Every structure is written in structure tokens, then in C-alpha cells.
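Read through the structure below, which is laid out as C-alpha cells, and then see the notes.
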Amino acid sequence: MSEWYSIEVFDGASSAALWADLHGDTLLESALLSGAKDWSWHGHSWGVVLELAFADVKAWEAWRALAHVQAALDGVPDPVSGLIVYRGRGGSSGAPRPRRPLPMVGSGAAALPLPWQWDNEEMCIRDRGTAAHSPALVEQAIDLVLDNDGAGQVGKDLLAVAARRLEQDVAAPQQPVRQ
């Protein structure tokens, strides 16, 4: 199996496409003579990418050691930060091997205990298949959250909105809860 290597050349004082036109033929000819199995040029708005596939690392290193290859890489349009040479396909082509499967969402997750005593019977009033929340108890929950967490104005505003919505739910006709 061949190994891919990439050479990214960024635009600088001149265009990277002009650099590719000037040096591309000699780079490809010498790469193929040095054992390259495949190659590909990619033009981008920021520059060009040359991808080369060599049979092994020794062939790649022998090609990189050639004088005209060194001269071409030294003559990129931006000599300070306009050249990146690395193993693998260029740009956002992805990994050479498939990714391992990710763990299931929520696996290993556990609920943390609340920092205050929570009485479910006080917070939720259930009557013949309907559910409603007590606005007074929601205000108590707001006070608990503000006292325990030190939430700022944003937290206070969010909890006030929640209290208003619950007051509207209590005032509206109750819908049966499906089980």
C-alpha cells in the first residue's frame, strides 16, 4: 500500500498557482522517476496542494533530497509561512483509516444529586391524569437557585420567565397526561 504525502503552498508575494506552473512539471517528472505511484494537484483560493503517493518512506525521502526539489520548495511565494509538507492527503480529505465508532450518547452518564431537598409531591400536583405546577413553589425554587448557585441577573430573568409560563399553564384548562 502506498503512502500519501502533501505539499501545501500558500499565496504570498506572487500566486502559488504561478509557482505550480513554474515548478510543477519538473517536480512531477522527478517524483514519477523516483517511484511515485499517484499524484494530484488541487488549486484553492489560498494556494495549491500537491499530493504524491510513494511506495515507501525511502522513496519519498530520496525524492525530497533531490536538489531541484529543495530549490523549488525554497522558492515558494511566501518563504516564511507559505509552505507545509506533511504525511497524508491534503486539506480536509479526512483520515487515511476509518474512525473508531463513537460511544453511545449518554453512556456512563449519571444524575447528580441536587444541592437542596426536592420534594416531588409539593412541586407537582397530580389530579386524575392531569399535571400542574404551583407558581408559589416555583418562586421558592427560584430563591433556592439564587441562594445556592449565586446566579446573576440572567439566571433570575430565565427563572422568572419559567414562573410566568407555569402560571399560564395553571390558568389554562388542563390537558390529560398520556401515559
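Exactly one of (1) at pLDDT below 90; (2) surrounded by fewer than 18 Cβ atoms within 10 Å (Cβ to Cβ) is unmet by residue 62. Its number?
Just one mismatch for residue 62, condition (1).
Mind counting the residues in region 22-41 that are in a strand (DSSP E or B) and either crowded, with 19+ Cβ neighbours inside 10 Å or in contact with a Cys (Cβ under 8 Å, 6 or more places away or on another chain) (or both)? Working first, answer last.
Taking region 22-41 as the starting set, the residues that turn out to be in a strand (DSSP E or B) are 36-41.
Next, only the ones that are either crowded, with 19+ Cβ neighbours inside 10 Å or in contact with a Cys (Cβ under 8 Å, 6 or more places away or on another chain) (or both) stay: 36.
Matching residues across region 22-41 total 1.
Among (1) without any contact (Cβ under 8 Å) to a residue 40 or more places away in the chain; (2) of a type outside the set (A, V, I, L, M, F, W, C); (3) in a loop (DSSP other than H, G, I, E, B), where does residue 79 come up short?
Of everything listed in (1) without any contact (Cβ under 8 Å) to a residue 40 or more places away in the chain; (2) of a type outside the set (A, V, I, L, M, F, W, C); (3) in a loop (DSSP other than H, G, I, E, B), residue 79 misses just condition (1).
State whether the residues of region 67-86 include one that is surrounded by fewer than 12 Cβ atoms within 10 Å (Cβ to Cβ) and either modelled with pLDDT under 85 or among the β-branched types (Val, Ile, Thr) (or both).
Yes, region 67-86 has at least one match.
In this structure, does residue 137 turn out to be loosely packed, with under 10 Cβ neighbours inside 10 Å, modelled with pLDDT under 90 and of a type in the set (A, V, I, L, M)?
Taking the combined requirement at face value, the residue does not satisfy it.
I need a count of the residues in region 42-53 that are in a strand (DSSP E or B), free of Cβ contacts under 8 Å to residues at least 40 places away in the same chain and either exposed (fewer than 15 other Cβ atoms within 10 Å of the Cβ) or acidic (Asp, Glu) (or both). Break it down stepwise before answering.
Pass one, region 42-53, residues in a strand (DSSP E or B): 42-43, 47-53.
Those left that are additionally free of Cβ contacts under 8 Å to residues at least 40 places away in the same chain: 43, 47.
Then drop every residue that is not either exposed (fewer than 15 other Cβ atoms within 10 Å of the Cβ) or acidic (Asp, Glu) (or both), which leaves 43.
Going through region 42-53 one residue at a time, the tally reaches 1.
Provide a single number: the residues in region 21-54 that are more than 31 Å from the chain's Cα centre (by Cα) and either among the small types (Gly, Ala, Ser) or closer than 17 Å to residue 65 by Cα (or both).
Total satisfying the criteria: 13.
The values are calculated or read from the model by the stated rules, or taken from the named source; none is laboratory data. As the structure is a prediction and not an experimental result, all values here were calculated from the model. Reconstructed Cβ throughout: ideal geometry from the backbone, glycine too, with neighbour counts over all protein chains shown.
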